[in-house]
1. Give me a count of the residues in region 140-175 that are more than 21 Å from the chain's Cα centre (by Cα) and basic (Lys, Arg).
2. Looking at (1) assigned to a helix (DSSP H, G or I); (2) more than 23 Å from Arg196 (Cβ to Cβ); (3) out of contact with any Phe, Trp or Tyr (no Cβ under 6 Å at 6 or more places or on another chain), which one does Phe168 not meet, given that it meets all the others?
3. I need the full set of residues from region 107-130 which are touching a residue at least 40 places away in the same chain (Cβ under 8 Å) and among the hydroxyl-bearing types (Ser, Thr, Tyr), in order please.
4. Identify all residues within region 167-216 that are open to solvent by less than 20 Å² (accessible area, probe 1.4 Å) and hydroxyl-bearing (Ser, Thr, Tyr); write none if there are none.
5. Quickly run through region 61-74 and pick out the residues that are open to solvent by less than 40 Å² (accessible area, probe 1.4 Å) and either farther than 22 Å from Val98 by Cβ or aromatic (Phe, Trp, Tyr) (or both).
6. Considering region 85-96 alone, what residues qualify as being in contact (Cβ under 8 Å) with a residue 24 or more places away in the chain and more than 9 Å from the chain's Cα centre (by Cα)?
7. List pairs: first in region 185-198 and more than 16 Å from Ala66 (Cβ to Cβ), second hydroxyl-bearing (Ser, Thr, Tyr), Cβ under 7 Å, 6+ apart or cross-chain?
Amino acid sequence: MDNHVDCFWRVRTPTPAPAPGEPRREKVPMPSDVFVAHTAESAPPEIRPTVEGVTRKFGHLPSAVALMAGSPQLLKGFLAASASFEQSTLGPLEREIVILTVATRNRCHVCVALHTATLAGLDAPPEVVEALRSRTPLADTRLEAVRLFTLAVMDRQGAVDEKEMRAFLDAGHTARNALEVVLGVGAYTISTFANRLVDAPLDPQMSAFAWDGGEA
């Protein structure tokens with residue numbers, strides 16, 4: 001992992017400009033007394049086994065999960081949706097393209113850092129990771145089709161037009177893949193919105209993958 005960190009992030013990605021039509025807004029910090037960062041002991045009883053499982057998986061309890069644990073339904077819903085997305089017929093790299101596209105569009109610095117680390121673990125080409133973090137086109141036409149289709153799903157609230165659908169299919173993807181992109185957008189809209197709502201901090205374990213375009 002350290003080699004990937006050095007390769008990818010010796011030079012930080014500049015803060016991306018807002019997407020066309022996307023206003024830049026200053027985010028006012030959430031008061032610290034609104035949301036609680038739970039532990040396995042303080043979390044609502046119905047979510048404690050989940051919190052403990054996440055802690056075992058990561059070796060620590062991510063701050064975003066600790067804060068989402070304030071709503072067991074939210075945390076369970078996100079984890080179920082993301083687990084279902086992991087079982088889709090989209091490949092691992094294609095799934096991460098969907099996730100990073102949602103995360104950068106929604107300016108969730110926690111999700112961008114976490115999934116940059118995931119891409120490093122997948123040995124993703126550095127130029128692919130840099131392009132995703134800076135919201136610029138991918139050189140690989142098949143991968144770029146995933147990015148553009150994800151943006152189209154978000155921009156059009158699912159109502160993509162025939163030209164956009166045909167471009168996705170002509171790049172080698174399937175109608176099932178198109179539906180699975182919607183699943184990924186839905187799952188990671190939950191996490192990106194929740195992380196921004198609670199002002200989830202970046203865990204020190206993810207500092208090497210920090211993204212400086214996370215505030216709008």
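The values are calculated or read from the model by the stated rules, or taken from the named source; none is laboratory data. Remember, it's a predicted structure, so these values are computed and weren't measured experimentally. Cβ atoms come from the backbone with ideal geometry, glycine included; neighbour counts cover every protein chain shown. These area figures cover heavy atoms from the full protein model, side chains too; ligands, DNA and RNA do not enter into them. Shrake-Rupley method; radii C 1.70, N 1.55, O 1.52, S 1.80 Å.
1. 2
2. Tallying (1) assigned to a helix (DSSP H, G or I); (2) more than 23 Å from Arg196 (Cβ to Cβ); (3) out of contact with any Phe, Trp or Tyr (no Cβ under 6 Å at 6 or more places or on another chain), Phe168 fails exactly one: (3).
3. Going residue by residue through region 107-130, those that are touching a residue at least 40 places away in the same chain (Cβ under 8 Å) are 107-114, 116-117, 120-121, 123, 126, 129-130.
Passing the criteria: only Thr116.
4. Tyr188, Ser191, Thr192
5. Of region 61-74, the ones open to solvent by less than 40 Å² (accessible area, probe 1.4 Å) are 62-69, 72.
Scanning region 61-74 gives Ser63, Ala66, Leu67, Ala69, Pro72.
6. Quick first cut of region 85-96, residues in contact (Cβ under 8 Å) with a residue 24 or more places away in the chain only: 85, 88-90, 92-96.
Answer for region 85-96, where residues must be in contact (Cβ under 8 Å) with a residue 24 or more places away in the chain and more than 9 Å from the chain's Cα centre (by Cα): Phe85, Ser88, Thr89, Leu90, Pro92, Leu93, Glu94, Arg95.
7. Val185/Thr150; Ala187/Ser82
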